[in-house]
1. Out of all the residues in segment 36-69, which are free of Cβ contacts under 8 Å to residues at least 40 places away in the same chain, under 20 Å from residue 113 (Cβ atoms) and part of a helix (DSSP H, G or I)?
2. Is segment 14-23 home to any residue that is surrounded by fewer than 17 Cβ atoms within 10 Å (Cβ to Cβ) and within 16 Å of residue 89 (Cα to Cα)?
3. Scan segment 50-75 residue by residue and report those that are farther than 18 Å from residue 100 by Cβ and surrounded by 15 or more Cβ atoms within 10 Å (Cβ to Cβ).
4. Which ones in segment 128-154 are surrounded by fewer than 16 Cβ atoms within 10 Å (Cβ to Cβ) and farther than 12 Å from residue 23 by Cα?
5. From 17, 106, 92, which residue is at pLDDT 95 or above and within 12 Å of the chain's Cα centre (by Cα)?
């Protein structure tokens, strides 16, 4: 029978895995494709993506990627955890939180600046220049954080007790 701690750890692995996968696909598929389009197409597409993505299932997965690992951390299995399991779980949670900090402190302000540039005399070329390379660097960092966090959560789930 599955205990609450096992269920929470499984939900942590799944939610962080889904979130990491979305970040990785954006990094390896969407942004390289957008790098090849005109400035006007790039700016318009990123504005629409930034309007549409932070809704429903994305927001649910984003919050779950912190809530389930945190809950798993505080609901220990019967018999406890080894110190290795504990540190892997803490590390996975910390890296996922760091992903969100980079998002909130870096990517979202850039998204907002790009959105507001639509209503100014700024050209799409100027908007793209101010946005793309900085956003991609921050996205690479947050993707690395959440993929590494996912790996640590998986390791915490499979390491021997």
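1. 41, 45, 48, 49, 52
2. The answer is yes, given that some residue of segment 14-23 is surrounded by fewer than 17 Cβ atoms within 10 Å (Cβ to Cβ) and within 16 Å of residue 89 (Cα to Cα).
3. Selection gives nothing.
4. 129, 130, 133, 134, 137
5. Numbers: 106 fails: within 12 Å of the chain's Cα centre (by Cα); 92 fails: within 12 Å of the chain's Cα centre (by Cα).
Only one candidate passes the filter, namely 17.
The values are calculated or read from the model by the stated rules, or taken from the named source; none is laboratory data. Computed from a predicted structure; not experimentally measured. All Cβ positions, glycine included, derive from the backbone under ideal geometry; neighbour counts span all protein chains shown.
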